[in-house]
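> This is the structure, below, for whatever I ask next.
The values are calculated or read from the model by the stated rules, or taken from the named source; none is laboratory data. Please read all numbers here as calculations on a predicted model, not as lab measurements. Note: ideal-geometry Cβ built from the backbone for every residue, glycine included; neighbour counts use all protein chains shown. Surface accessibility is based on the protein's heavy atoms, side chains included, excluding ligands, DNA and RNA. Shrake-Rupley method; radii C 1.70, N 1.55, O 1.52, S 1.80 Å.
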Amino acid sequence: MINKGKTFVLQAPRGMHDILPADQKHWERIRRAVREVAAFYSFERIDTPIVEATELFVRSVGADTDIVSKEMYSFKTKGGDDLTLRPEGTAGVVRAYLERGMVSWPQPVKLYYLGPMFRHENPQRGRYRQLWQFGFEVIGEADPVIDAQIMQLITVVAAEVGLKNLMLKINSIGCPECRAAYRKALVQHYRPKVVKLCKDCRSRIKTSVLRLLDCKEETCTELRQTAPHGVDHLCSGCHGHFKAVLEFLDELNVSYYLDPFLVRGLDYYTRTVFEIFPEESGVTPGDATGSAALALGGGGRYDGLVELLGGKPTPAVGAACGMERWVELMQVREVRIPERNRPRVFLAQLGELAKKKSLKLLEDFRKAGVAVAESLGRESIKSQFRSAARLGVEFTLIMGQKETLDGTVIIREMNSGMQELVALEKVVAETKRRLAASRPAGMVRPPLATTDHDET
Ligand code: AMP
């Protein structure tokens, strides 16, 4: 309904952004790396709906978490269903695993996703209300080698897009059994100091004491310094699992810090939890800045989630990364993105007939797999040449009035200024030949844009 009394401000919803053409190359670089790394490690793509039943997130993410209690975009449909814009990807993937019979596929099922998530957070740099994530999930495998491999995957994708010098923080929060003992120890630690805790933590101490370790308030981070460590309360199964994960990480040459206070904000995690930061964020294990710094990604094991959503007990592990933060870091660090598909040829035309013929010629080049730039709307040859120069092409093809009538095209080599007249029907082959001859040694022909880009 349109509110007539209110002035309409033409702007994107708060905390949501357009991804403008200038930034697309960073986004596409990340998407490509995710696709390639996923393919190498045999992860298959899954796309789940952007909205799911609200209950799915309440059950899986946890009613006490910030995400569910404060940040969900929930609504009732005209048909009366309670739906929510997905705040994260794992719940939908596990729902699909159960609903679509993936239980009977060969296990583990290895999936990856990429898409927008929605959280009604306080927007600020690196914290948005529509955020894009890519994530990897391995469902149906308990072996600690998979925990290590998931972490390695993230570092591999990061290295592919030019992001090195990252820091991986890791911890184990145990299983429901040993966590009960840890909870008790935490309550004993915090109880005598309860008046010094922030308002939220004072109530969390009863319901979700682990979350006190995640609080960013100064007094709470101070009190955390002397809190007991989860790893000291692990049962022998969880202890052995964690030790093995660290050994695999050593084997894979992935460096990490043990952070005894890393817990993560979602309820469904068990055993391994981890987060990854840029090195320059100054994060050190367990420090206050660490919890305020912006993570590039995080994840962990969620052995109880499939069962919680109605399936059989099924171990699983996964990770998700925030793409806006990756793009921002790539830009801050001035990561160079090699230009693929940059046209090396420009087609200039003069006169109505040449313009018509250019359309057909462009199509011939497209079919031959040669990228050709043009500015068909321009009349003046001078301004077309300026465009060609700005693009830095190696060859300009000129279809003047006379050439068009004669059925010829001029090929101009931009560096030397040398020109040659070629028959129209031979121009594609001749241009290809010249492009191949002028290519610097060792350079591989980039694929066409159309084969290189998908929607998300
Ligand atoms: P989470 O599962 O909440 O740890 O989210 C995984 C990753 O998504 C984080 O490490 C961030 O990189 C990113 N992320 C989470 N929330 C936001 C947000 N509001 N804005 C931008 N990125 C986010």
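> Looking at residue 135 and the list (1) within 12 Å of the ligand (Cβ to nearest atom); (2) touching a Phe, Trp or Tyr at 6+ places or on another chain (Cβ under 9 Å); (3) open to solvent by 10 Å² or more (accessible area, probe 1.4 Å), which single condition is not satisfied?
Tallying (1) within 12 Å of the ligand (Cβ to nearest atom); (2) touching a Phe, Trp or Tyr at 6+ places or on another chain (Cβ under 9 Å); (3) open to solvent by 10 Å² or more (accessible area, probe 1.4 Å), residue 135 fails exactly one: (3).
> Further, regarding this structure: Looking only at region 373-411, which residues are surrounded by fewer than 16 Cβ atoms within 10 Å (Cβ to Cβ), in contact with a Ser or Thr (Cβ under 8 Å, 6 or more places away or on another chain) and assigned to a helix (DSSP H, G or I)?
383
> Any residue in region 23-36 that is of a type in the set (Phe, Trp, Tyr), touching a Leu at 6+ places or on another chain (Cβ under 9 Å) and buried (at least 16 other Cβ atoms within 10 Å of the Cβ)?
Taking region 23-36 and keeping what is of a type in the set (Phe, Trp, Tyr), we get 27.
Okay, now just the ones that are also touching a Leu at 6+ places or on another chain (Cβ under 9 Å), so none.
The answer is no; no qualifying residue exists.
> Given (1) more than 19 Å from residue 424 (Cα to Cα); (2) in a loop (DSSP other than H, G, I, E, B); (3) within 33 Å of the chain's Cα centre (by Cα); (4) not small (Gly, Ala, Ser), where does residue 370 come up short, assuming only one miss?
Every listed condition holds for residue 370 apart from (1).
> What number goes with the only condition from (1) in contact (Cβ under 8 Å) with a residue 60 or more places away in the chain; (2) open to solvent by less than 20 Å² (accessible area, probe 1.4 Å); (3) outside any helix (DSSP H, G or I) that residue 347 does not pass?
With (1) in contact (Cβ under 8 Å) with a residue 60 or more places away in the chain; (2) open to solvent by less than 20 Å² (accessible area, probe 1.4 Å); (3) outside any helix (DSSP H, G or I) applied to residue 347, the lone miss is (1).
> Any residue at all in region 138-149 that is within 12 Å of the ligand (Cβ to nearest atom) and either over 14 Å from the mean Cα position of the chain (by Cα) or over 24 Å from residue 210 (Cα atoms) (or both)?
No - not one qualifying residue is present in region 138-149.
> Among residues belonging to region 86-130 that are assigned to a strand (DSSP E or B), within 9 Å of the ligand (Cβ to nearest atom) and touching an Asp or Glu at 6+ places or on another chain (Cβ under 6 Å), point out the one that is modelled with the lowest pLDDT.
Looking at the filtered set, the residue picked out is 127.
> Is it the case that residue 159 is not assigned by TED's automatic domain parsing to the domain that holds residue 300 and not β-branched (Val, Ile, Thr)?
no
> I would also like to ask the following. Tell me, which helices (runs of 4 or more DSSP H) lie completely within region 7-80 with 2 or more residues that are in contact with a His (Cβ under 9 Å, 6 or more places away or on another chain) and away from the ligand (no atom under 14 Å from the Cβ)?
21-40
> Sticking with this one: So which of 188, 149 ends up being outside the structural domain of residue 280 (by TED's automatic domain parsing) and not small (Gly, Ala, Ser)?
The match here is 188.
> Restricting to region 169-228, give me the number of residues that are among the charged types (D, E, K, R) and either open to solvent by less than 20 Å² (accessible area, probe 1.4 Å) or closer than 20 Å to residue 63 by Cβ (or both).
Of the residues in that region, 11 qualify.
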